[in-house]
Amino acid sequence: VFRHVTARVAADEAAKLAGLLGSEIRRRGLERTRIIGPSPAPVERLRGRYRWQIEVLAPDPVDLLGPMMLPPGWIVDVDPVNVL
C-alpha cells in the first residue's frame, strides 16, 4: 500500500512499482508469481491520504520482495487479514 496526500502522486508511484515488480518477475523467471494492480484501495482516501495497492500472489512472496529495495512510502503486509 502506498499513501500520499495527492491522488496523482499515489497513482503514479503505484504504477512505477507495478512495472518494476513485473520486470523482476520476468527477469527472475518467477512464473508462479503474479501481481494484481495497481488499483485504488477499497477505501481510497483515509485520514487525508489517497491509498493505492498492489497485491503479490506467490507461493513465497519473499522470493520476489526479499532482495528488492522498495521505494520509500510503501507498506508491505504479508498475509493480510483484510485488504480494506
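The values are calculated or read from the model by the stated rules, or taken from the named source; none is laboratory data. On a predicted model such as this, the values are computed, not experimentally measured, just so you know. Positions of Cβ are backbone-derived with ideal geometry, glycine not excepted, and every protein chain shown enters the neighbour counts. Heads up: the accessible areas ignore ligands, DNA and RNA and are worked out on the full protein's heavy atoms, side chains in. Shrake-Rupley method; radii C 1.70, N 1.55, O 1.52, S 1.80 Å.
List of remarks:
- Test for E13: is it within 13 Å of the chain's Cα centre (by Cα) and open to solvent by 60 Å² or more (accessible area, probe 1.4 Å): no
- Of all residues in segment 53-67, those that are outside any strand (DSSP E or B), open to solvent by 50 Å² or more (accessible area, probe 1.4 Å) and hydrophobic (A, V, I, L, M, F, W, C) total 1.
- For segment 68-78, taking the residues that are at pLDDT 85 or above and in a loop (DSSP other than H, G, I, E, B), the one that is surrounded by the fewest Cβ atoms within 10 Å (Cβ to Cβ) is identified as M69.
For (1) among the aliphatic types (A, V, I, L, M); (2) in contact with a strand residue (DSSP E or B) (Cβ under 9 Å, 6 or more places away or on another chain); (3) more than 23 Å from D63 (Cα to Cα); (4) assigned to a helix (DSSP H, G or I), each residue gets a yes or a no:
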site: A14; (1), (2), (3), (4): yes, yes, no, yes
site: L30; (1), (2), (3), (4): yes, no, no, no
site: G37; (1), (2), (3), (4): no, yes, no, no
site: A41; (1), (2), (3), (4): yes, yes, yes, no
site: R51; (1), (2), (3), (4): no, yes, yes, no
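- Residue in segment 11-33 that is over 17 Å from V76 (Cβ atoms), among the β-branched types (V, I, T) and touching a residue at least 12 places away in the same chain (Cβ under 8 Å) present: no
- In summary, V43 fulfils each of the numbered conditions (1) touching a Lys or Arg at 6+ places or on another chain (Cβ under 8 Å); (2) open to solvent by less than 40 Å² (accessible area, probe 1.4 Å); (3) in contact (Cβ under 8 Å) with a residue 40 or more places away in the chain with the single exception of condition (2).
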